[in-house]
Amino acid sequence: MEIKFADSFFESLKVLERHQTWWYKTFEVFRYKIPMFFENLWYFRKQLWNFRSWDYSFNLDMFARSLEKTVHTLEFHGNEIESTRMKKVEKIKRVIQIIKNLDESNYTSIAESELGNLKNIEGWVYEQKDTPEEKEHNRKVFERATQIEKSESNELWSILKGQDMEDFKKVYQNLSDKEKNKYDHWEKWFDGSGITNWWD
């Protein structure tokens, strides 16, 4: 059997070689990297202006902002097949929403939408005016708010961690030979989670 290389293969090698030259690297700095730096500076301007080192919420805010750009790219410009790409988009949007909820600390409002508004809230002295029923209701609202916050925090890290590939291997090993030839098992199993999968 005779093996031949297409002209495009040798052209690709020439391009790779050219990209390693000092003059191309200099060109790349001025043509791509400096403009990208200023584009990023503008894109993250609010997060950079507000960033402080003493609280994790600033880190999460920067992360969420970067994910907004990633999810837009995947959703509207991605090359991956839609079935898996849109699962990633859904999970990234969920991470952004959880970070927003954590940042705004709006879990009491979420709990109130489930259980009803807090009773007799007047500054920090509301407990003095509460009836026993109102105190019990407020306690339930605050407990529910804490549960939701804990649940969403766990969900956030679970999404970022992603699925365990060992689970997929077990599913795949239990398939018949005929089923293994269908090639869509990953698409069905994959739920879009796992930050290492969020690329195109």
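What follows draws every value from the coordinates through simple rules; no lab data is involved. Since the structure is predicted, the reported quantities are computational estimates derived from the model, not experimental observations. Because the Cβ atoms are built from the backbone with ideal geometry, glycine has one as well, and the counts that use them run over all protein chains shown.
Subtracting the Cα-Cα distance of Tyr56 and Thr196 from 0.36 nm times their residue separation leaves 48.2 nm of extension gain.
Using R0 = 30 Å, the C-beta based FRET efficiency linking Trp189 and Lys93 works out to 0.90. Here the simple spin-label model places points 7 Å from the Cα toward Cβ, and for Lys119 and Thr73 these points are separated by 5.3 nm. For Lys188, the lysines whose Cα falls under 27 Å of its own Cα, not counting residues fewer than eight places away in the same chain, are Lys69, Lys87, Lys88, Lys91, Lys93, Lys161, Lys169, Lys170, Lys178, Lys180. Treating r as the C-beta distance of Lys33 and Leu160 and R0 as 41 Å, the FRET efficiency rounds to 0.90. For the chain, the alpha carbon convex hull comes to 228 Å³ per residue, rounded to a whole number. Couplings 3J(HN,Hα) for the stretch 87-94, derived from phi with the Karplus relation 6.51 cos²θ - 1.76 cosθ + 1.60 (θ = phi - 60°), are 5, 4, 4, 4, 5, 5, 4, 5 Hz, where x marks Gly and Pro.
Say R0 is 35 Å: what FRET efficiency, to the nearest 0.05, do Arg18 and Trp49 get from their beta-carbon distance?
Efficiency at R0 = 35 Å is approximately 0.30.
Applying both filters, DSSP loop and at most 10 other Cβ atoms within 10 Å, to the trypsin sites (Lys or Arg not before Pro) of the stretch 11-62 gives Arg52.
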